[in-house]
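Q: Let me give you the structure first, and then I'll get to my questions.
The values are calculated or read from the model by the stated rules, or taken from the named source; none is laboratory data. All values derive from a computational prediction rather than experimental measurement. Positions of Cβ are generated from backbone atoms using ideal geometry, with glycine treated the same way; all protein chains shown enter the neighbour counts. To get the accessible areas, we keep the full protein, side chains included, count just its heavy atoms, and leave off ligands, DNA and RNA. Shrake-Rupley method; radii C 1.70, N 1.55, O 1.52, S 1.80 Å.
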Amino acid sequence: MNELRQARYAVAAVFCVHGAVTGSFATRVPWIQDHASVSAGQLGLALAFPAIGASLSMPLAARISHRLGSRTALRGLIALWTLALVLPSLAPNLLTLCAALFVYGATAGMADVVMNALGVEVERRLGRSIMSGLHGMWSVGALIGSGLGTIAAHLELSAQVHHAVAAAVLTLAGVAACRWVLNLHPTEDEVAPPRFALPPKSAWLIGAVGFCAVFAEGASLDWSAVYLRDVLTTSDGVAAAATTGFALTMAVARIAGDAVVDRWGAVPTVRVSGAIATLGGVLVVLANHPLVAMAGFGLLGLGIAVVVPLAFAAAGRAGPNPSQAIAGVATVTYTSGLIAPSIIGGIAQASNLTISFILVTVLTLGIAAFAAVLRPAPAH
């Protein structure tokens, strides 16, 4: 049990490191946009490239883990992901920014698949829910990363210096934590997973709910700072604080999420969560003051926080092959988070960012409307 407890804390630390990379990047998107001299529409195009990189690479993660073992695979993939943080801030133009974000997304996706698979296995061995807490640690990492990013923006520190230091620290932390994760190896007769497989039918409806939540998450993480700067004409420092507030409410809700779900059940929790997120979206859209928009982004974070962990848990109970369903939901939800920023940017280019967040608000309504697909299957 001590070994299993160590594995739980270790994978939680990896989730935290993964989130810190995302938070570090998100708060400096305005700086990266200015450095690369790209418009909102061009930034949206560039932010599609993580989705392309992840879509091509995520199916490979299972094969890498199968060949190397879960511990070695995660150690290598988390190091590649943390080091990839440096690349976007070095890009001087749209072409190089797209290439940097392709690598950023590819490494992020592969590390995400392996660490979630290890989290699900630890949860199975413990016999109780831990996935919301693990995703809470991801949000804690995002909060730490975005908080330090806010400070760096206030100090007018270049994202190049900020991200170089952050990448060095996070690489050391991530590699060190991997020492204690579960070291899973395939059995002699286990067939290697395919390079690519479509998600099973059981994953699509569950994935759709996760899609709505992660779309709102990706849009808020990458565009909240730009929204406050461009729509409400705030400084970069105040704008970055909106991203920090979003990450903070997500972290708090996810850490408390396992206890809430145990008391109220998955479906009621997700229905209320969807309603809270929708209220947050409405505040963002109607905001005429930075504090109102920041409150809206905070409610968005609170509302969508537990949806993805519960989608993974539901996938584990769905269909004859839980691991395949989990992988399918992971692919659908993760792709949503990566395409959301580019869709937001495209709509902003055609109209404005306020219209973009009307779409986000509509999708959060979908979380409440379709929460029932996360209902546990009846016992037989």
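Q: Taking only the alpha-carbon positions of segment 20-60 and ignoring solvent, what does the Debye formula give for the base-10 log of I(q)/I(0) at q = 0.14, 0.16, 0.29, 0.30 Å⁻¹?
A: Taking Cα atoms of segment 20-60 as identical point scatterers yields -0.39, -0.50, -1.00, -1.01.
Q: Take the chain, mark every one of the GluC sites (Glu not before Pro) that falls in a DSSP loop and has at most 16 other Cβ within 10 Å, then report the longest stretch left between them, sites excluded.
A: Maximal segment without exposed cleavage sites: 191-380.
Q: Note down the nm distance, to one decimal, between modelled labels 7 Å out along Cα→Cβ at Ser235 and at Ala164.
A: If labels sit at Ser235 and Ala164, their model points lie 2.6 nm apart.
Q: Expected output is a single nm value to one decimal: the length gained when fully extending between Tyr9 and Arg67, i.e. 0.36 nm times separation in residues minus the C-alpha distance. What is it?
A: Full extension from Tyr9 to Arg67 adds 18.4 nm.
Q: With a Cα-only, solvent-free Debye model of segment 75-115, what are the log10 I(q)/I(0) values at q = 0.25, 0.28 Å⁻¹?
A: So the normalised log intensities work out to -0.74, -0.85.
Q: Can you divide the C-alpha Rg of the chain by 2.2 N^0.38 Å and report the result to two decimal places?
A: Values: Rg = 19.2 Å, N = 380, 2.2 N^0.38 = 21.0 Å.
Working it through for the chain, the quotient is 0.91.
Q: Just the accessible area per residue of the chain, please: how many Å² with a 1.4 Å probe?
A: 41 Å²
Q: On to the next question. Take segment 99-181, compute every pairwise Cα distance, and split them into 10 Å bins from 0; I just need the percent in each bin.
A: 14, 39, 33, 12, 2
Q: Exposed loop sites here are trypsin sites (Lys or Arg not before Pro) in DSSP loop states with at most 11 other C-beta atoms within 10 Å. What is the longest stretch of the chain lacking them?
A: Longest stretch, sites excluded: 196-380.
Q: I would also like to ask the following. Kindly write out, for segment 132-142 in residue order, the coupling ³J(HN,Hα) from the Karplus curve 6.51 cos²θ - 1.76 cosθ + 1.60 (θ = phi - 60°), rounded to whole Hz, with x marking Gly and Pro.
A: 5, x, 5, 5, x, 5, 4, 5, 4, x, 4
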